[in-house]
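Okay, structure first, notes after.
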Amino acid sequence: MRRYELMLLFRPDMEDDQLQSAVERVTRAIVNAGGSLSKISPWGKRRLAYPIQHHRDASYFLIHFDIEPAAVREIERGLLISEEILRHLVVVLEPRHRRAGDADAEGATADGEDDLAPPPDLEPGTVRGEDSSITLELNDSDDSDEDRVDEPAAVSASEEVAG
């Protein structure tokens, strides 16, 4: 099972009891598909960045749940059919040790070294593949004219051709 996060935007003209019953239908669909709910957070009514179906506000709900990945498509199909839901977004929540912002995900190891730094036996300009090393030669000399692009000379107002 994987952990998912579902953000729901409901129409702003729904009454509280209609809103609660719509959230219950979504959570029931998750449970019926074999999932388990972790957290349901009502965020309240908020202003949208742009109008959606002529609505400027929406009621936001955030739901965390665990379910098999194959069942998510069926749940999303049901969310798309619903006229009460303006938008939805399902996101996979990665395990904590793989999320950005943690020390392990940023490339630091336990001893404080950077995992992204090249090994000390490589010289600058060397790229190592799985089975061989390739050396990139950087040409710093200016005697190569085929790579140079000349800029057009500036034309003064007296040199312009009247036409």
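Any read-out appearing in this document is the output of simple, stated calculations on the displayed coordinates, not a laboratory observation. This one's a predicted model, so the numbers in the text were calculated from it and none came from an experiment. Virtual Cβ from ideal backbone geometry, glycine too; neighbours counted across all protein chains shown.
Listed by Cβ neighbour count within 10 Å, with the fewest neighbours leading, Leu93, Leu8 appear as Leu93, Leu8. Footprinting exposure proxy ranking of Tyr60, Tyr50, fewest other C-beta atoms within 10 angstrom first, gives Tyr50, Tyr60. Distances between placed amide hydrogens fall under 5 Å for Gly35 paired with no residue 5 or more residues away or on another chain.
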